[in-house]
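A.B. asks: Dropping the structure in here first, questions after.
The values are calculated or read from the model by the stated rules, or taken from the named source; none is laboratory data. Everything numeric here is computed off the predicted structure, so don't read it as measured data. Reconstructed Cβ throughout: ideal geometry from the backbone, glycine too, with neighbour counts over all protein chains shown. The accessibility values were calculated without ligands, DNA or RNA, using every heavy atom of the protein model including side chains. Shrake-Rupley method; radii C 1.70, N 1.55, O 1.52, S 1.80 Å.
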Amino acid sequence: MADMTRPLAVVWVCAALIHSAAFAGEQGAKHDTVPTVQVVRAAAAPAIDGRLDDEVWQAAVPVADFTQRDPDEGKPATQRTELRIAYDAAALYLGVRLHDSEPGRIARQLSRRDQNAEADWFAILLDPHHDHLTGAMFRVTAAGVQGDSIIFNDTSDDDSWDAVWTSAVTIDEGGWTVEMRIPWSQLRFPAAERHTFGINAVRHIQRRNEQVWLVHVPKTESGMASRMGHATGFEGLAPRRTLEILPYVVSRAEFVAPAGPGDPFNDGARLFGGTGLDLKYGLSSSLTIDGAINPDFGQVEVDPAVVNLTAFETFFEEKRPFFIEGANIFSNFGRGGSNNFWGFNRSEPILFYSRRIGRSPQGAADGDFVSRPAASTILGAAKLTGKTRNGWTVGLLDAITERERAQTVTGGRGSRVAVEPLTNYFVARVQREVGRRGAVGVLATAVNRDLETAALQDLLPGSAYVLGADGHLFLDSKRDWVVTGRIAGSRLNGNSAALSRLQLAPQRYYARPDAHHLEFDPGRTVLGGWTGSVNVNRNSGIHGFNGALWGVSPGFDSSDGGFSFNGDRAGGHAVYTWNNPKVTRFARERWFSVAKWYSWNFAREVQGDGYHAFGRLQFRNYWSAFGGGFLRRASQDDRATRGGPSMRPPAAGGGFFSVASDGRKRLSLDFDAEVVAGGEGGSSLSGRVSGRYRPAASLEISIGPGFSRERVGAQYVGTFLDPAAVRTFGSRYVFAQLDQKEFSLQTRVNFVLSPKLSLQLYMQPLVSAGDYESFKELAGPRTYTFNRFGVDGGSLSYDVAGRQYTVTPSDGGSPFAFGNPDFNFKSLRVNAIFRWEWRQGSAMYLVWTEAREDFAHPGQFTLRRDVGRIFRAAADDVLMFKIAYWLSR
């Protein structure tokens, strides 16, 4: 029981001490009085040409009282900025004059939309609901590049949202000017005779690294929407119900090497064509429906190649536009109010993971030749998002994926095998603010499958449901200290074979022989569980604190519509942070954090026990350094044997360091390194150098070579049943020492001819080789002792031709064999995307994707040879052309 109470005490005692010390010292601080901006109604719409010579700009009163946030916080802006705002029944207009004493040094690097560039820029932040929690940001650089994002949870933003609006920029001998026209159709606000919007504005001067704000928010404080000023004078605005339609056509050519001579499904070239439709409809002043029929995401950048030696699935970020726009409504479940959530071995599940929609088929298909779909076809998807008049934030999403079949030929006979069922995915999210001190919400997901074959019934649950509730409460009127919590339950229904597979999955391993708190039931047809957490965080101040307690029961599973990392886990942490942005003789910013964390399973056995310390320093010349160290004490690991008894790996510790040059320069460099040392010869060393070069305003080249070497003292190889292995419950758990070397070289080239015309290239060669040696078996449960084959007992032989090891135990057990696990994975991923916005809201894409793989020389890492083999390997190429036409009324 002591293992449970000690981490609880650490978290909450630290919280109490830091709260009393830090909060008492700063509780007298007050927010500055926010300004009010008066807007004017335009008798005639101004021409958006980057010139302030229209009549309305002569009548508008400029706002010019901007304050530095960087580099000299609190001081007046070094260059004058004049903001004018007007409106009419159709749109909001901004006319901004940005004076500059050195106009020849105004930075104008081109970039793709929403991408950060080394350029001067101006942004307007709006809160049309005036709820102090949500809003929108519109940004224009001196090169005319637009950026926009949604503001949520007061302090967070999501740039996946792409509104349709107009801007223009001119530069002259006195500085630069920007005009914006933002149609009311792109903003959500309630119906009323008069409106007051929240407003803030930001100007960035690249060469000075100067950022000035209309409403200054100190660096030691938090808030974005809640800290805005007030824009008044809006009268007679009527929210519009707009309809936007984006039909598209797409053609694709695949040049893929056949599986072998006589491949009936692939002669080396295949052609495809299709059409689809995206639409957006304003259901009300604040609710929008988005729909997609037969969506295509061929213009999305490919995922990087990885080598995963664990039992767990690799997590990849969502990149598809339909699913990332507005995703914050779903992803902020359990994360409201707080501006910081720390991890430290935290394995809380994601309740909704949109990449499940359109996933790779999960069923198996075997034959001499197999044609298998790479992804499930999304027949259609729709989502409803927005905010109601009475403060409810709403998000609904429903999608249907096609039944997929693989085609096989064996012995000249063909067949079709179902590999993915017809599936419906549904997620619903509602959340409501409770005054200005908190919010409550609910999230539910449902996955329902039409399992037409016995094989799919034995593989997948027919239905999977998750229901959760969350909320947060600010403990003070400044919204400084906040408590955030969430709780959720899951229920999966299927036949006994499918549920047995889930019980034995790596997230839970119900059949662990020494896990007396678990019971594997081969007849189970329902699996359920819960997850929950509570967090406390200080959002602002020089002294910060973050603490958490969390848990995931063994039976919880959200992986059908979400992502489950690990079950049968609970944990807690406490983090103290010191953050001082005051500019001194040597530094501009510095912060330092120390943390203590634990994790344990539901048998109350500690599974992780560690300390962390790290800090960052930004120097006066805008170089920065980051570094730290950690210590993980010895504790049990009930997953190392992958379903067998628990092990006790030795303690490990390490350190990391990185340094980055001034990113404003034409050439900037980053370097980082990490070293880790553990017992039984385990260690790792990794390093990476990344450089970014901008030879011209339209061209940016970044390249990042990285190398790592990891020596693992006990890498899992396999489990082999043997009644003679009495000490390890009738199975032998085989491990080996692993020496893995990996080299990667991520390269990106962005060539931007104009804000609407760009070429993006991504290339990633990867070489990863692993050499297994000193094979051994676990000698006893809950230890880190091994019997080495051929040394401590038993014999080990190797068949070179068959690449197979054979072990004959010395305790009378049965001989067993396993394949040589050495590997040498070589991969090349290339992705080139040409994009042209040929008219407002309409775009054309030309995409080339190439993949090469090679597996020769397993276990042997020779960089020059291996890299050469990558480029000589057979290539799979895909060419795609897509054109979309935007219609609106």
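Quick grid of which residues meet (1) assigned to a helix (DSSP H, G or I); (2) touching a strand residue (DSSP E or B) at 6+ places or on another chain (Cβ under 9 Å); (3) crowded, with 16+ Cβ neighbours inside 10 Å; (4) of a type in the set (A, V, I, L, M):
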residue: Tyr465; (1), (2), (3), (4): no, yes, yes, no
residue: Ala505; (1), (2), (3), (4): no, no, yes, yes
residue: His516; (1), (2), (3), (4): no, no, no, no
residue: Asp521; (1), (2), (3), (4): no, no, no, no
residue: Gly529; (1), (2), (3), (4): no, yes, yes, no
residue: Gly532; (1), (2), (3), (4): no, yes, yes, no
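A.B. asks: Out of the residues in segment 354-383 that are among the polar types (S, T, N, Q) and part of a loop (DSSP other than H, G, I, E, B), which is least open to solvent (accessible area, probe 1.4 Å)? So that I can check it myself, show each step before the final result.
C.D. replies: Of all residues in segment 354-383, those among the polar types (S, T, N, Q) come to 354, 360, 362, 371, 376-377.
From what is left, the residues that are part of a loop (DSSP other than H, G, I, E, B) are 360, 362, 376-377.
Working: Ser360: 71, Gln362: 58, Ser376: 9, Thr377: 55 Å².
Ranking the qualifying residues of segment 354-383, first place goes to Ser376.
A.B. asks: Would you check if Arg203 is open to solvent by less than 10 Å² (accessible area, probe 1.4 Å) and not hydrophobic (A, V, I, L, M, F, W, C)?
C.D. replies: Numbers: open to solvent by less than 10 Å² (accessible area, probe 1.4 Å): yes; not hydrophobic (A, V, I, L, M, F, W, C): yes.
So Arg203 passes the test.
A.B. asks: Just to verify a result, which residue in segment 223-239, among those that are within 30 Å of Phe322 (Cα to Cα) and crowded, with 16+ Cβ neighbours inside 10 Å, is modelled with the lowest pLDDT?
C.D. replies: Looking only at segment 223-239, we keep the residues that are within 30 Å of Phe322 (Cα to Cα), and these are 223-226, 228, 237-239.
So of that shortlist, the ones also crowded, with 16+ Cβ neighbours inside 10 Å come out as 223-226, 228, 237, 239.
Details: Gly223: 84, Met224: 89, Ala225: 89, Ser226: 89, Met228: 94, Leu237: 87, Pro239: 74.
Once the filter is applied, the top-ranked residue is Pro239.
A.B. asks: Another question about this same structure. Could you identify the single residue in Asp638, Asp557 that is open to solvent by less than 20 Å² (accessible area, probe 1.4 Å), in contact with a helix residue (DSSP H, G or I) (Cβ under 7 Å, 6 or more places away or on another chain), within 20 Å of Arg512 (Cβ to Cβ) and modelled with pLDDT of 95 or more? Explain how you work it out, then say what you get.
C.D. replies: Numbers: Asp638 fails: in contact with a helix residue (DSSP H, G or I) (Cβ under 7 Å, 6 or more places away or on another chain).
Result of the check over Asp638, Asp557: Asp557.
A.B. asks: If you don't mind, there's one more thing I want to ask. Taking segment 71-83 only, how many residues are of a type in the set (D, E, K, R), surrounded by 16 or more Cβ atoms within 10 Å (Cβ to Cβ) and within 37 Å of the chain's Cα centre (by Cα)?
C.D. replies: Qualifying residue count, segment 71-83: 1.
A.B. asks: Could you pull out every one of the strands (runs of 3 or more DSSP E) wholly within segment 763-826 that has 2 or more residues that are surrounded by 14 or more Cβ atoms within 10 Å (Cβ to Cβ), out of contact with any helix residue (DSSP H, G or I) (no Cβ under 7 Å at 6 or more places or on another chain) and in contact (Cβ under 8 Å) with a residue 60 or more places away in the chain?
C.D. replies: On the way: elements: 786-788, 795-799, 804-808, 816-819.
Output list reads 816-819.
A.B. asks: In segment 744-753, which residues are open to solvent by 40 Å² or more (accessible area, probe 1.4 Å) and more than 23 Å from the chain's Cα centre (by Cα)?
C.D. replies: Scanning segment 744-753 gives Phe751, Leu753.
A.B. asks: Another question, then. Select from segment 721-736 the residues that are in a strand (DSSP E or B) and open to solvent by less than 40 Å² (accessible area, probe 1.4 Å) and write down the one among them that is farthest from Gly819 (Cα to Cα). It would help to see each step written out before you state the result.
C.D. replies: Filtering segment 721-736 for residues in a strand (DSSP E or B) gives 721, 731-736.
This time we only want the ones that are open to solvent by less than 40 Å² (accessible area, probe 1.4 Å), so: 731-736.
Numbers: Ser731: 18, Arg732: 16, Tyr733: 15, Val734: 12, Phe735: 13, Ala736: 13 Å.
That would be Ser731.
A.B. asks: Against the condition buried (at least 20 other Cβ atoms within 10 Å of the Cβ), more than 30 Å from Trp530 (Cβ to Cβ) and not charged (D, E, K, R), how does Ser624 come out, does it pass?
C.D. replies: Working: buried (at least 20 other Cβ atoms within 10 Å of the Cβ): yes; more than 30 Å from Trp530 (Cβ to Cβ): yes; not charged (D, E, K, R): yes.
So Ser624 fits the description; yes.
A.B. asks: Checking Ile703 against (1) at pLDDT below 95; (2) open to solvent by 60 Å² or more (accessible area, probe 1.4 Å); (3) not aromatic (Phe, Trp, Tyr), only one condition comes out false. Which one?
C.D. replies: That leaves (1) as the condition not met.
A.B. asks: Now for a separate question. Which one is farthest from Ala311 (Cα to Cα) among residues in segment 641-669 that are in contact with an Asp or Glu (Cβ under 6 Å, 6 or more places away or on another chain) and either modelled with pLDDT under 95 or in a strand (DSSP E or B) (or both)?
C.D. replies: Taking segment 641-669 as the starting set, the residues that turn out to be in contact with an Asp or Glu (Cβ under 6 Å, 6 or more places away or on another chain) are 645-647, 649, 656, 658, 660, 664.
After this cut, where a residue has to be either modelled with pLDDT under 95 or in a strand (DSSP E or B) (or both) as well, the list is 647, 649, 656, 658, 660, 664.
Details: Met647: 16, Pro649: 17, Phe656: 26, Ser658: 30, Ala660: 35, Arg664: 42 Å.
Among them, the one singled out is Arg664.
A.B. asks: Which of the numbered conditions does Arg416 fail, given that it passes all the others? Conditions: (1) open to solvent by 60 Å² or more (accessible area, probe 1.4 Å); (2) within 30 Å of Gly223 (Cα to Cα); (3) among the basic types (Lys, Arg).
C.D. replies: Answer for Arg416: the failing condition is (2).
A.B. asks: Could you list, in sequence order, the residues of segment 122-146 that are buried (at least 24 other Cβ atoms within 10 Å of the Cβ), over 26 Å from Arg194 (Cβ atoms), in contact with a Ser or Thr (Cβ under 9 Å, 6 or more places away or on another chain) and not hydroxyl-bearing (Ser, Thr, Tyr)?
C.D. replies: Within segment 122-146, Phe122, Val140, Val145 qualify.
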